[in-house]
Amino acid sequence: MKSRASDKPGSLAYVGKYLLHSPSAMVGLCFLVGIMILSFLTPFIFKYGFRELNIRAQYSTPTLEHPFGCDEVGRDIMVRVLYGAKYTISIGIFATAGGGLMGVILGAIAGYRGGLVDSFIMRFLDVFQSFPAILLAIAIAAVLGPGYWKVILACGITGIPGYARMMRANILTVRGSEYIEAAKSIGCKESRVVVKHVIPNAFSPMIVSLAMGVANAGLAASSLSFLGFGVVPPTPEWGSMLSTARTYILEHPHMVIFPGLFIMLTVLSFNLVGDAIRDALDPKLRD
């Protein structure tokens, strides 16, 4: 019996099945999906709000009533960590989506057009890549000021050069393929060739980079919040929580441990999923 096209290596269905049969990827997916669901259900599950103060529980260590303890003004850390997941993870997703979209467009234009257009775009991106990514993000955030969407913009801009260079390299590989020449020979418009043939066939390797990029963007967002350029307190973004709690790291370490632990687990989960997608798309890495 012939296999369906959707089951061929590299197809979306094949990647989905590969993820389902990868224990590490499923652990990462379950953690990410679970924490996002809990983040949205937190107001309905817990009797404490993330802004609710309780001076009597100030600096409380982990107990049955407060499993992660309480902060300097008696706010429940578990509620704040779970509620804040939507901010840290969504910043990573939106920043990667925006930066990836711009990178794909610029890389596709540079790779397909070549010549002066390619040189101009690449030299322009070289200016951005001459700065370390986190320093560039800090500079952009310092100009724009703190805020949720401003952090997304800062993290997204820093990711554009890397995605553009990867897309350009993929386009250069695909551009001379026989099916591209065939499409041109039958009179297809250049825009149709690029959109229908060049970009889809060059985009597969980008999926892995984008999956990894979500983790990097989320980590960068937490770093910006930690430095005071990110989401403004009392919004419980994990980096912001770490920044506030660092003053009490010796006397009340639980205030630092739990936000830091969830940052680590989230980044690890995205990396596990990204590794599995890479293995599914690269035949050299499949068993």
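Observations on the structure shown:
- Taking the criterion of being under 17 Å from residue 124 (Cα atoms) and either surrounded by fewer than 19 Cβ atoms within 10 Å (Cβ to Cβ) or in contact with an Asp or Glu (Cβ under 7 Å, 6 or more places away or on another chain) (or both), the only residue of region 166-186 that qualifies is 169.
- Within region 224-281, if we keep just the residues that are among the polar types (S, T, N, Q) and out of contact with any Pro (no Cβ under 9 Å at 6 or more places or on another chain), the residue that is farthest from residue 93 (Cα to Cα) turns out to be 247.
- When residues of region 180-202 are limited to those that are in contact with a helix residue (DSSP H, G or I) (Cβ under 7 Å, 6 or more places away or on another chain) and of a type outside the set (Gly, Ala, Ser), the one farthest from residue 268 (Cα to Cα): 184
- Filter result for residue 214 (farther than 22 Å from residue 79 by Cα, β-branched (Val, Ile, Thr), surrounded by 14 or more Cβ atoms within 10 Å (Cβ to Cβ) and without any contact (Cβ under 8 Å) to a residue 40 or more places away in the chain): no
- Residue among 74, 69, 84 that alone is within 14 Å of residue 221 (Cα to Cα) and not hydroxyl-bearing (Ser, Thr, Tyr): 84
- Taking the criterion of being over 19 Å from residue 159 (Cβ atoms) and among the aliphatic types (A, V, I, L, M), the residues of region 108-131 that qualify are 116, 117.
- Residues in region 215-233 that are of a type outside the set (A, V, I, L, M) and touching a Phe, Trp or Tyr at 6+ places or on another chain (Cβ under 8 Å): 218, 222, 225.
- Matching option when the condition is touching a residue at least 40 places away in the same chain (Cβ under 8 Å) and charged (D, E, K, R), among 192, 175: 175
- Residues satisfying the stated conditions in region 231-253, i.e. in contact with a Ser or Thr (Cβ under 6 Å, 6 or more places away or on another chain), farther than 13 Å from residue 79 by Cα and of a type outside the set (S, T, N, Q): 231, 233, 239
- Residue ID - surrounded by the most Cβ atoms within 10 Å (Cβ to Cβ), chosen from residues in region 14-59 that are of a type in the set (D, E, K, R) and assigned to a helix (DSSP H, G or I): 17
- Any hit, region 67-85, residues being of a type in the set (Val, Ile, Thr), outside any helix (DSSP H, G or I) and in contact with a Leu (Cβ under 9 Å, 6 or more places away or on another chain): yes
- Among residues of region 131-165, those that are assigned to a helix (DSSP H, G or I), over 14 Å from the mean Cα position of the chain (by Cα) and either closer than 13 Å to residue 95 by Cα or hydrophobic (A, V, I, L, M, F, W, C) (or both), counted: 16
- For residue 67, the conditions (1) farther than 27 Å from residue 180 by Cα; (2) out of contact with any helix residue (DSSP H, G or I) (no Cβ under 8 Å at 6 or more places or on another chain); (3) of a type outside the set (Phe, Trp, Tyr); (4) free of Cβ contacts under 8 Å to residues at least 12 places away in the same chain all hold with the exception of (2).
- Any hit, region 127-135, residues being touching a Ser or Thr at 6+ places or on another chain (Cβ under 8 Å), buried (at least 16 other Cβ atoms within 10 Å of the Cβ) and closer than 29 Å to residue 197 by Cα: no
Each value in this text was obtained by applying a stated rule to the coordinates, not by laboratory testing. Computed from a predicted structure; not experimentally measured. All Cβ positions, even for glycine, are placed from backbone atoms using ideal geometry, and neighbour counts span all protein chains on display.
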